[in-house]
1. In segment 41-86, which residue that is part of a loop (DSSP other than H, G, I, E, B) and touching a strand residue (DSSP E or B) at 6+ places or on another chain (Cβ under 6 Å) is nearest to residue 114 (Cα to Cα)?
2. If a residue has to be part of a helix (DSSP H, G or I) and touching a residue at least 40 places away in the same chain (Cβ under 8 Å) to count, how many in segment 87-131 make the cut?
3. Does residue 3 satisfy the condition of being at pLDDT below 90 and touching a helix residue (DSSP H, G or I) at 6+ places or on another chain (Cβ under 9 Å)?
4. Filter segment 75-130 for residues that are in contact with a helix residue (DSSP H, G or I) (Cβ under 9 Å, 6 or more places away or on another chain) and modelled with pLDDT under 90; which is nearest to residue 64 (Cα to Cα)?
5. Residues in segment 133-141: is at least one at pLDDT 90 or above and either surrounded by 13 or more Cβ atoms within 10 Å (Cβ to Cβ) or not in a helix (DSSP H, G or I) (or both)?
6. Taking into account only those residues within segment 45-61 that are exposed (fewer than 15 other Cβ atoms within 10 Å of the Cβ) and under 15 Å from residue 92 (Cα atoms), which is farthest from the chain's Cα centre (by Cα)?
């Protein structure tokens, strides 16, 4: 039996509010863990930059600015700091002498690996406490959400993309 559109819409809003609340809670938890970790410090903005570079090795600075929705001078300063602590390197851009590409160093990749391990341990502890049926439903729902968010991110990075008003 199909779910009425109004009910489906209500479920969507409830799920959105729930996911938003989880994201906010995780943001606070991650920031607390980042601040108390013995790992070399990197700001939240710098970590976001590292995540983008990690997923798109060789990314051009101009593309990075667009993905982060941040002004070039701010991105340049973050890159300067990350390069100074040994997490990032700038390389000449093939085909363009005026641009640079970015990639994480082995130390930068290890830093992200340690952060991801800490976060996964925290999540694993919480998820393991859920009943098995809830864990299965969560895994299925998160896989679908991840796929949708990845598709949306791919679409946004295409030339000529204009978000809906």
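The values are calculated or read from the model by the stated rules, or taken from the named source; none is laboratory data. What you are looking at is a predicted structure, and each value in this text was computed from that prediction instead of being measured. No Cβ is skipped: glycine too gets one built from the backbone with ideal geometry, and neighbour counts run over all protein chains shown.
1. 57
2. Going through segment 87-131 one residue at a time, the tally reaches 9.
3. Considered against the rule, which asks whether it is at pLDDT below 90 and touching a helix residue (DSSP H, G or I) at 6+ places or on another chain (Cβ under 9 Å), residue 3 comes out as yes.
4. 99
5. Yes: one or more hits.
6. Only one residue fits best here, namely 58.
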